């Protein structure tokens, strides 16, 4: 992620029909790195013609078309594997939700022996929605017991209200149940692409959850005995 700016530039240059060698020279980056960054870029006819004219070679034209064919085949294979995965998962019953939620909690939930807090921290919206569903349907938590805290990079300080409103709407939790958003000092100046979405990290905590935490401890212990 340290070279996100260079990666975005490389992708844009490739879309304009620049060769890997050209991009490598422009950005002073290894050609092998540029190749990985740009491997999923679809080359249109204009881009291919531009590269062909630069090389003045019929064999080069054939090579570009061959690489485009390989790229398409890779994307098709990726989509087919995704569909296979969805098919293998199938429908999720209550038992599946129960066990999956425990596994999620082991990974991203509060498990320290120093306190008996019940909370879950993650940046992925679908993951946070899943654990909220688990809290509501498995742990029987009512919406007024959720406390939400957001952590964002200080570079996005001017988007604080936008980010808070996003999570409030997504989670269906009023802003009155949010604590003050924490601004994190940037270690590396990570820049997100223009069209990417950054909404920070959310910590979903349950109020008055000591008894629930003790039960979760038992669920975790039981699952890890497998």
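Stretching the chain fully between residue 176 and residue 69 yields a gain of 33.2 nm (0.36 nm per residue, less the alpha carbon separation).
Put a dot 7 Å past the Cα of residue 220, heading toward its Cβ, do the same for residue 184, and the two dots end up 2.0 nm apart. In this calculation the C-beta distance from residue 154 to residue 103 is compared with R0 = 25 Å, giving a FRET efficiency of 0.15. The gain in end-to-end length when the residue 136 to residue 96 segment is fully stretched comes to 12.9 nm, 0.36 nm per residue minus the alpha carbon separation.
When peptides 214-224, 30-40 are ranked by their average number of other Cβ atoms within 10 Å per residue, the highest-first order is 30-40, 214-224.
Modelled spin labels at residue 88 and residue 210, positioned 7 Å past Cα toward Cβ, are 4.4 nm from each other. FRET efficiency for the pair residue 5 and residue 144, taken as 1/(1 + (r/R0)^6) with r the Cβ-Cβ distance and R0 = 35 Å, rounds to 0.20.
Any read-out appearing in this document is the output of simple, stated calculations on the displayed coordinates, not a laboratory observation. Quick caveat: nothing in here was measured; it's all calculated off a predicted structure. Every residue, glycine as well, gets a Cβ built from its backbone with ideal geometry; the counts of neighbours run over all protein chains shown.
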